[in-house]
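These notes concern the structure reproduced below.
No lab work stands behind these numbers, since they all come straight from the coordinates. Small disclaimer: the values here were computed from a predicted structure and weren't measured. Please note: Cβ atoms are built from the backbone with ideal geometry, for glycine as well, and neighbour counts cover all protein chains shown.
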Amino acid sequence: MTKKITIVLFVILVGCNNSVDDLNQFLELQKNRPVKPIDPLPQLKPHEVFEYNATTMRDPFSNDLEVVEESEQANLVVAEGGEGPDLSRRKEYLESYPLDSLLMVGTYQQEENYWALIVDPEGVIHPVSEGDFLGHNHGQVLTIFENKVLLKEWINDGLGAWRERDAAMALKEE
């Protein structure tokens, strides 16, 4: 047992060599290397000063749109072809995504009705039929063809009036 301890102590003492000659040689070599010149700083271009002189014009950050009287507002809604979307109905699942984030990947026909296959951003495929709703703008499916889906959306103009807009989703080409 004492032989083993002696061997271990010998190995430890041999590892404690205080010679740093190789380190000193490396440092001397590095000190004697020529230094690369530093690239000059790039010239800074002066910024152009823009002075806003449109103090008499409408402030682009204010919300001072004209207030439309209630009778005119009602005429706007009727003029666009309806009263607007049914805000009291329960939202369908695909209405929680914007229309441009949904992809049409196929259709299938059951009896005489077409069904569109719509993929949500999470990759789940949903069957959609005529009358179903999708997108943030109360989009209702009007017609389903083999290669596209036609929708009717309701857009709020910010003044309380609703405008009807046609939209479409095309079949995703591989």
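Can you compute the label reach from F61? Point 7 Å from Cα along the Cβ direction, backbone N cut-off under 16 Å, restricted to the stretch 134-174.
none
What list do you get for S96, S88 if you sort them by fewest beta carbons within 10 Å?
S88, S96
Test of understanding: ordering Y108, Y52 by Cβ neighbours within 10 Å, fewest first, what list do you get?
Y52, Y108
Students often forget the sequence filter, so: which lysines lie under 23 Å Cα-Cα from K4 once same-chain residues fewer than 8 apart are removed?
Once the sequence-local lysines are set aside, nothing remains near K4.
Using DSSP to define loop residues, name the chymotrypsin sites (Phe, Trp or Tyr not before Pro) in the stretch 119-174 whose beta-carbon has at most 15 other beta-carbon atoms within 10 Å.
Sites meeting the loop and neighbour criteria: F145.
How much FRET efficiency would the formula 1/(1 + (r/R0)^6) give for R163 and E92, where r is the Cβ-Cβ distance and R0 is 25 Å, rounded to 0.05?
0.70
Please enumerate, by chain and number, the lysines with C-alpha under 24 Å from the C-alpha of K148, excluding those fewer than 8 residues away in the same chain.
K91, K172
If you take every residue apart from D132 with its C-beta less than 10 Å away from the C-beta of D132, what net charge results, scoring Lys and Arg +1 and Asp and Glu -1?
Local charge sum for D132: -3.
Where in the stretch 118-160 does the label zone of E111 land, with the point 7 angstrom along Cα→C-beta and an amide N cut-off under 15 Å?
It comes to 129-130, nothing else.
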